[in-house]
Amino acid sequence: MRPALFPLLPFAADETTCSWAARMAAFHARSSVGTFLRDLNLDPHLMALGDRDEIGRLCEIAGQDPRPVLGNTLTRLKGSAHALGRDMMRTILCPATRIRFCPACIALDDAASVATNQNPAVHRRERLIWRFRPVRTCPHHGVDLECRVRPADNHVMGAFGEIGPGSVHLLTSIDYEGELRSASSLQRYVAERISGNATDHWLDTVPLEQVVRFSELLGAILLHGPRTFLEDLSEPELCAAGAVGWTNVSHGEQSITRALHVVHAQHHFDVGSKARSFRDTFYNLVEEVEYYPSTSPFRALLRRHVEHSALN
Ligand SMILES: [Zn+2]
């Protein structure tokens, strides 16, 4: 039986669920995504929350294989917590009220709309990796992501509405301005994990939230001392901390241990003359891993060192 929506506007492997719904609204109905979904007897609010049943119904109506769509679905759990597959995230997502984009990627989307003589809203995709806070630079174009207030669904067509570059000339101008820079290795790892690519890394089975938080905190401690809290860092400082921490975390347990011992040797006499224990020196890091499940390698590593320092 032919699906209710025809022809199929295929889901792109790198886009968010809401991006695809908004592109279909522009393609099939030339309307906002809210109007489009309600006309299909679907609930826009549930779609925005990443309700998997509602998204499955949209796939059925569109004739789209639901697996890649559900694989890219961020499902709201509680408060700011979301799930992407089996990965749970609290702090590494950008606020849902903001939309981030690479102007060069959007310019390419616009070029596709010009080539097909279609509305730009049909082609402008919100990439899933743009939803993640550690991804600050486009891995394809080396330009910083821009951030705007996310347009309200009931007023605009497409995921971006009127925001973003208006012409394909932007890509050329960025090329000539020579502002390209490469994404940090932590950013690249996060982007690879989200894209579902096999990275063959020892951290691949560790929840992404833990990998990012632990890398950023370890880097912050290495750069600014053991009593540093992530909440006190500016965005550039957080980016630098993530890059430094990742250098140690990515090389495994011995590398992390070495870094901690160097910091402990430098700072365990910071206040007064009484030497502080490993636990006291790394109070905030020990507190952080207490939130991790007992299976976490970071939690096991820290515990081992706290117990070892208590015996000596
Ligand atoms: Zn780009």
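Laboratory data are not the source of any read-out in this text; all were calculated from the coordinates shown. Everything quoted here is computed from the prediction, not taken from an experiment. All Cβ positions, even for glycine, are placed from backbone atoms using ideal geometry, and neighbour counts span all protein chains on display.
Rounded if a/c is under 1.5, else prolate if a/b beats b/c, else oblate: with a ≥ b ≥ c from the C-alpha gyration tensor eigenvalues square-rooted, which is region 5-158?
oblate
Taking only Cα atoms, what is the 0 to 90° angle, nearest 10, from helix 208-224's long axis to the longest principal axis of the chain?
On a 0 to 90 degree scale, this one is about 50.
I'd like to know how region 201-311 sits against the 2.2 N^0.38 Å rule of thumb: what's its Cα Rg over that expected value?
1.01
Suppose a student asked you for the relative contact order of the chain, using Cα pairs under 8 Å spaced at least 6 residues apart; what percent would you report?
14
In degrees from 0 to 90, rounded to the nearest 10, what is the angle of the helix 297-311 Cα long axis to the longest principal axis of the chain?
With both axes taken from Cα atoms, the answer is about 10 degrees.
Pairing rule first: another cysteine's C-beta must sit under 4.7 Å. Under that rule, which cysteines of the chain stay single?
Isolated Cys, the chain: 18, 59, 94, 147, 239.
How much net charge surrounds residue 292 when only the other residues with a Cβ under 12 Å from the Cβ of residue 292 are counted, with Lys and Arg +1 and Asp and Glu -1?
So the surrounding residues net to 0.
Take each of the peptides 184-194, 291-301, 233-243, average the number of other beta-carbon atoms within 10 Å over its residues, and list them starting from the highest.
184-194, 233-243, 291-301
Can you work out the FRET efficiency for the pair residue 280 and residue 224, with r the C-beta to C-beta distance and R0 = 22 Å, to the nearest 0.05?
Efficiency at R0 = 22 Å is approximately 0.80.
Mind putting together the pair-distance distribution for region 23-65? All Cα pairs, 10 Å bins, whole percent per bin, short to long.
30, 62, 8
For the chain, what is the convex hull volume of its Cα atoms per residue in Å³?
Cα-based convex hull of the chain, divided per residue, equals 145 Å³.
On a C-alpha basis, how far is the centre of region 201-248 from the centre of region 61-112 in Å? Whole number, if you could?
23
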